[in-house]
């Protein structure tokens, strides 16, 4: 059984550090780590940045949300990763 994961915050640690790197060799973000592990299924990502939305959807082929509440209701995650800045 795989656990469904929602990633809130798609900046550097959420997705950016290794976005353009070979994930077979480099895993520096939450998205890459969960994507590689067979015990997890990324069901969505949340961010306010629309460019990150396009990058996330293209790389991981799953839903992007601008609103955390909507994402929680629609994706029904088992695990929620909070990868936003401290100020946010």
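FYI, it's all coordinate maths here, none of it is from the lab. Computed from a prediction, not measured in an experiment: that's the story for all the values here. Reconstructed Cβ throughout: ideal geometry from the backbone, glycine too, with neighbour counts over all protein chains shown.
With neighbours defined as other Cβ atoms within 10 Å of a residue's Cβ, the residues 80, 70 order from fewest to most as 70, 80. Given a Förster distance of 35 Å, report the FRET efficiency between residue 72 and residue 12 from their Cβ-Cβ distance, rounded to the nearest 0.05. Efficiency, from the Cβ-Cβ distance: 0.90. What number do you get for the range 14-61 when its Cα radius of gyration is normalised by 2.2 N^0.38 Å, N = residues? Scaled against compact globular proteins, the figure is 1.08.
For the chain, the fraction of C-alpha pairs more than 19 angstrom apart is 30%. Model label sites at residue 4 and residue 33, defined 7 Å from Cα along the beta-carbon direction, differ in position by 2.2 nm.
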